[in-house]
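K.L.:
First the structure, then my questions, so here it is.
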């Protein structure tokens, strides 16, 4: 047991917390819903209501540091009651400052509007047709093989191809994109050589392709997704600069890769650990959406998001000075006992489970949430339809009495490093 009190432990560098965060979050919640961290100098928000308060308060809390985390030092020393001008003056010094997740206000709204053609009901319906067909193919191959590794062998390739279809990436380029994403460090990883600059590698690689796609479609429009993306305009009618569309496309392609893959493999872990639940869902697939919502609440793939106090403000009754970095602990809020009864227990059909914060809330709520829910639901339907039973591989994880699985050491992502399972075909 760690001798340090929870607020003195470093959420960003303590590998034991990165691998297994829930006891730490519980200990922080016992101190209060908003806790002053000692290392780094930041606030951690763990209460459900308090997290929503921060996520919806776009006036006082900025997403300036969202992609790098509250442990990353600011490129300036905050001065005064409002640091908005300092933030703007030093924005170019913050890594990934041009990404959508780090934008606020009108700039965020403008960039978000460019995503609209990708998430219209008709486009999502067309994408679901691809998902269903592709999921059946992926599962058929895995079941015929009799075994598989869920995280890297099945889940990641599956979600990569789904988002490639959504964006209209040509078939011949999809494998190239997947290879560069697979070789990159995981977001927030503590065990890989993962300095902040390395995460730009996949985005820069994909940017070259998307620039070519968009230029080609602007010159030679076609009836496809890339043409819609290339010719979309801002709400005021102006055509976006090429770099904005390229950055947005690369962000969409990369953003959901790890989280959706982790959600799928985590969902499978619940099924192999609870054969009764697995049988229940196999008998009644209409229960799968409710199952996914409880998995999201209990083991959502995103542990936290991050904010910066733009001006002197409050969270609940806690005074927050301008320049204070904030950890919005989504995974802690999803287990807040003030909001959830028996919060650490999996309860199939839990009332209002879909009100979890795994897809965040407010202006920065995940635009791809409907897609994530659909792709996980459809591939789970196929796994259950094509099998009589799915179980742990004892060869890789040991017998039930000594079973071992390992989670990634990341302050950002919650997900298994690997999950080997055996498939007994229907």
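The values are calculated or read from the model by the stated rules, or taken from the named source; none is laboratory data. On a predicted model such as this, the values are computed, not experimentally measured, just so you know. Here the Cβ positions follow ideal geometry from the backbone for every residue, glycine too, while neighbour counts run over all protein chains shown.
K.L.:
Restricting to the stretch 309-320, give me the number of residues that are over 15 Å from residue 55 (Cα atoms) and without any contact (Cβ under 8 Å) to a residue 60 or more places away in the chain.
P.N.:
The total comes to 2.
K.L.:
Can you find, within the stretch 345-389, the residue that is surrounded by the fewest Cβ atoms within 10 Å (Cβ to Cβ) among those that are touching a residue at least 40 places away in the same chain (Cβ under 8 Å) and part of a strand (DSSP E or B)?
P.N.:
In this case the residue turns out to be 389.
K.L.:
Still on this structure: Name the residue, out of 33, 21, 40, that is touching a residue at least 60 places away in the same chain (Cβ under 8 Å) and under 28 Å from residue 404 (Cα atoms).
P.N.:
Exactly one residue qualifies, and that residue is 21.
K.L.:
Oh, and also: Could you list all residues from the stretch 1-13 that are more than 21 Å from the chain's Cα centre (by Cα) and buried (at least 17 other Cβ atoms within 10 Å of the Cβ)?
P.N.:
Residues satisfying the conditions are 6, 9.
K.L.:
Please state which one of 216, 236 is part of a helix (DSSP H, G or I) and at pLDDT 85 or above.
P.N.:
216
K.L.:
Which residue pairs have Cβ atoms under 7 Å apart, sit 6 or more places apart or on different chains, and have a first residue in the stretch 131-144 that is touching a residue at least 60 places away in the same chain (Cβ under 8 Å) and a second that is surrounded by 13 or more Cβ atoms within 10 Å (Cβ to Cβ) and outside any helix (DSSP H, G or I)?
P.N.:
139/386; 140/386; 142/148; 142/423; 143/386; 143/387; 143/423
K.L.:
Yes or no: the stretch 27-38 includes at least one residue that is buried (at least 22 other Cβ atoms within 10 Å of the Cβ) and in a helix (DSSP H, G or I).
P.N.:
yes
K.L.:
Which condition from (1) within 13 Å of residue 170 (Cβ to Cβ); (2) assigned to a loop (DSSP other than H, G, I, E, B) is the one that residue 210 breaks?
P.N.:
Evaluating residue 210 over (1) within 13 Å of residue 170 (Cβ to Cβ); (2) assigned to a loop (DSSP other than H, G, I, E, B) leaves (2) as the failure.
K.L.:
Sort out which residues of the stretch 159-206 are at pLDDT below 60 and assigned to a helix (DSSP H, G or I), and write them in order of number. Talk me through it step by step, then tell me what you get.
P.N.:
To start, the set of residues in the stretch 159-206 that are at pLDDT below 60 comprises 185-201.
Hits for the stretch 159-206 are 196, 197, 198, 199, 200, 201.
K.L.:
Let me ask another. In the stretch 70-100, what residues are crowded, with 17+ Cβ neighbours inside 10 Å and in a helix (DSSP H, G or I)?
P.N.:
86, 87, 100, listed by residue number.
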